[in-house]
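Here the structure comes first, spelled out in structure tokens, and everything after it is commentary.
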Amino acid sequence: MSWLRVRFRVDRALAGTLGEALEELGAIAVSIEGREDEHVLQAATEETALWEDCTLTGLFATSTDIPSLTAALRERVTPASLPEPRVERLEDDDWAESWKTHCHPFLVTPGIWVCPSWLAPPDPEAVTLLLDPGMAFGTGEHPTTALCLAWLTEQDLSGTTVVDYGTGSGILAMAALKLGAARAVGVDIDPQALRVALENLERNGLADGNEARAAGQGCPGGGFAGRFTACLPEALPTDSRADIVLANILANPLRELMPVLTGLLRPGGRLVLSGMLADQAEAVAAAYREAIAFDTHREQNGWILLAGSRLPGVLP
């Protein structure tokens with residue numbers, strides 16, 4: 001089978017919007033890379049700049065009408081800022097290997113690197129999360145994930161139990177375990193995401209020789225047993241309490257899940273909410289006012305993280 005590789009040379013201001021547009025218009029994969037002479041690693045921290053000039057690449061089926069694709073892109077971005085694409089035809093074998101050249105380790109937050117599994121970790125002293133491009137959300141490049149990872153690096157996680165609600169790729173559960181947590185539970189409504197999360201934890205040596213489970217099998221023994229468990233929301237035990245609950249999803253689900261997320265916390269446990277925009281944070285915080293005392297508010301590129309402690313006496 002063949003594919004079309006469609007490349008655009010753009011500046012950093014356009015890269016994010018154009019990448020989202022490519023995905024909306026049917027790209028099966030999107031990557032970003034800088035000039036060969038501009039050695040800046042892509043990172044999600046504001047302190048580390050992205051490349052000034054980027055090459056954005058989308059992979060499309062060979063049946064894609066490129067003039068129609070370009071016209072549709074011009075409707076989504078400033079027309080004058082979109083150059084004509086460079087289009088190449090790739091065979092499966094060519095793409096399988098060439099796509100790897102676009103994947104590089106990147107520093108998500110000081111002390112945590114995300115690295116494709118086929119590359120050597122860039123800093124042996126840092127926490128490295130081996131994570132390959134895949135179907136599940138969560139590679140560390142989005143500000144909401146970076147905010148959560150930065151928060152985790154500042155905590156004493158020794159011996160704690162962490163719930164990663166909306167786990168996606170499992171990146172937050174992986175980081176928590178590598179930073180000292182005793183157990184992590186990845187929860188997601190998508191069974192495919194749970195399978196990917198479990199594979200990622202195994203790839204990082206965090207799910208071997210324990211009671212890790214995937215998809216609808218539930219939490220072993222009715223509680224948070226084993227180093228890592230991946231389960232659907234309905235398979236969560238109702239009689240266990242976590243020290244930390246992380247939820248990196250969207251504002252509306254965060255509000256709706258208030259009883260569930262607070263119910264997973266022990267009294268005094270920490271709740272971390274991310275995935276909301278600046279103008280949504282107040283409404284999300286208000287939904288938790290009777291159960292959580294928020295004491296942390298962080299912002300990156302317009303995205304907000306809130307963290308706080310469960311109040312004593314709150315039921316369930």
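Spin-label pair Asp239-Ala286: with each label point 7 Å from Cα along the Cα-Cβ axis, the two points sit 3.9 nm from one another.
A full extension of the chain between Val77 and Asn252 corresponds to an added length of 60.3 nm, given 0.36 nm per residue minus the alpha carbon distance. The simple Förster model, with R0 at 25 Å and r as the Cβ-Cβ distance, assigns Thr62 and Glu20 a FRET efficiency of 0.60.
What FRET efficiency, computed as 1/(1 + (r/R0)^6) with R0 = 35 Å and r the Cβ-Cβ distance, is obtained for Asp53 and Arg298, rounded to the nearest 0.05? Intermediate values should be presented prior to the final figure.
Numbers: r = 30 Å, r/R0 = 0.84.
Efficiency, from the Cβ-Cβ distance: 0.75.
Values in this text are rule-based calculations from the coordinates and carry no lab data. Note that this is a predicted model, so its numbers are computed, not measured. Quick reminder, even Gly has a Cβ in these numbers, built from the backbone with ideal geometry, and neighbours come from all protein chains shown.
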